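Every read-out reported here was derived from the displayed coordinates using simple, explicitly stated rules and does not represent laboratory data. From a predicted model like this one, the values you see are computed outputs, not experimental measurements. Every residue, glycine as well, gets a Cβ built from its backbone with ideal geometry; the counts of neighbours run over all protein chains shown.
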Amino acid sequence: MKPRIVFLVGPTASGKTDIAVQVAKKINAEIISCDSMQVYQGMDILTSMPPRATRKKIPHHLIDFIPLGREYNVSRFRREAVKKIREISEKGKTPLFAGGTGLYMSVVINGIFPGGGENPEVRQRLYRQSEKHGGDYLHSRLKKIDPEAAAKIHPHDTRRVVRALEVYHITGKPISLLQKQRKGIADKYDVRIFCLNPERAELYERIDRRVDRMFSRGLVKEVKKILKNRLSKTAEKAIGIREVGEYLNGHISFAEAKNLMKRNTRLYAKRQLTWFRKDKRTRWIEVGEESPQLAAERIVSFLSD
RNA sequence: GCCGAGGUAGCUCAGUGGUAGAGCGCGGCCCUGAAAAGGCCGGCGUGGGGGGUCCGAUUCCCUCCCUCGGCA
């Protein structure tokens, strides 16, 4: 029998943190965070980090361990996650991934393509060219070396066009070819995916409440402190940093900052849901007003299927 | 009460004698080394009510209602 790995995902503010802890207790699991922002240290309020007290009771991994200025990415996450899976399994426990970053989940399950490191110089040069000659210029170059990728990537999606060219520059192979050479864990493990799914209106209310709560818990102060650091490309993109920053430098009002944060979080939640709809193995868990314990019980009951 | 401006998408507003758009919102989607990022698609509408002119009105005319500003 294959060892089991459980993924508990869902849009932001859907209640993952609490439910994950309850599930972990019931199935003797350790939690591996699957969240691109919670890896960073110093963003407790901003990322609604699970409180230290709960992390003490149930071990949480890949969380709160990277300085704000250090670059972090899918590849590092994948490597570390795979290692954690092994370690937790060796202890006879179940790895329970909990978080909202769809790409990170997908890369753990489906693998990452090989040989695609970064080359900052090449990347920078490509972005400069894109600015100078317009987005279509790079896209037409991509068309020549990798028509398959070019057909898939929209010319305006500069980030992906640049990445495809960068990979070709580094490896001499088209990215579309490399991307077919991925090895995931799906065949070695019994992968179970659960996605928390509050009703949309309810989700948006929860998001609003959460943002309000962040402010009352001292978000402004936290962001002020964060902004004293040099931030990695990822960390600086956490929702709230720009909004609160603009408030701090007087460009927008307090109320505007708050509303923008709510709106941006809603848009983010929508994008998350699109990700989660993709994997057809996903079991959708409708959540409402019930307690985390009850939701966890329902999830655990599905595990014996 | 009088004068002026205006009532068009959920919101802010543009436009036209041949039944209407834009931004935001909202919905859907794509995604593999920045992913809380980046990108794509979708108009979702009794054009304030009623009447008139016209082949045809959201557009012109009349009237009523409502909102805002000024004067009383």
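Side notes on the structure shown:
- Charge context of A:Glu256, other residues only, Cβ under 10 angstrom, K/R +1, D/E -1: -1
- Centre separation in Å (Cα based) which lies between the range A:40-91 and the range A:241-305: 19 Å
- Inter-label distance, nm, simple model (7 Å from Cα along the C-beta direction), A:Glu289/A:Gln41: 4.2 nm
- Average silhouette area of the range A:132-191, convex hull of alpha-carbon atoms, in square nanometres: 5.1 nm²
- The mean sequence separation of alpha-carbon pairs under 8 Å and at least six residues apart, normalised by the residue count of the range A:161-305, gives a relative contact order of 34 percent.
- Each Lys and Arg Cβ is given +1 and each Asp and Glu Cβ -1; about its Cα centre, chain A then shows a dipole of about 660 debye.
- Using θ = phi - 60° in the Karplus curve 6.51 cos²θ - 1.76 cosθ + 1.60, the 3J(HN,Hα) couplings for the range A:157-165 round to 7, 3, 4, 6, 4, 4, 4, 4, 5 Hz; x is entered for Gly and Pro.
- Taking 26 Å as the limit for the C-alpha separation, the pairs A:Lys2/A:Lys91; A:Lys224/A:Lys270; A:Lys132/A:Lys233; A:Lys84/A:Lys224; A:Lys258/A:Lys278 exceed it in the case of A:Lys224/A:Lys270; A:Lys84/A:Lys224; A:Lys258/A:Lys278.
- Interchain or long-range residues, amide H under 5 Å from A:Arg283's placed H: A:Ile193, A:Phe194, A:Cys195
- Cβ crowding within 10 Å ranks A:Lys258, A:Lys188 as A:Lys188, A:Lys258, fewest other Cβ atoms first.
- Rg ratio (alpha-carbon, reference 2.2 N^0.38 Å) - chain A: 1.06
- From phi via Karplus (6.51, -1.76, 1.60), per-residue ³J(HN,Hα) for the range A:290-295 in Hz, x at Gly/Pro: 5, 6, x, 4, 5, 4
- For the range A:272-283, 3J(HN,Hα) computed residue by residue from phi via the Karplus equation (6.51, -1.76, 1.60; θ = phi - 60°) reads 4, 4, 4, 4, 5, 6, 5, 7, 6, 6, 5, 9 Hz, glycine and proline entered as x.
- Spherically averaged projected area of the range A:17-127 from its Cα convex hull (nm²): 8.2 nm²
- Counted by Cβ distance under 14 Å from A:Val223, the other residues give a net charge of +3, where Lys and Arg count +1 and Asp and Glu count -1.
- Using a cutoff of 8 angstrom between alpha carbon atoms and counting only pairs six or more residues apart, the relative contact order for chain A works out to 30 percent.
- The share of alpha-carbon pairs in the range A:212-258 lying farther apart than 17 Å comes to 27%.
- Of all beta bridges that DSSP places with both ends in chain A, some 0 percent have antiparallel geometry.
- Stretchable slack from A:His154 to A:Leu177, in nm (0.36 nm times residue separation minus alpha-carbon distance): 6.5 nm
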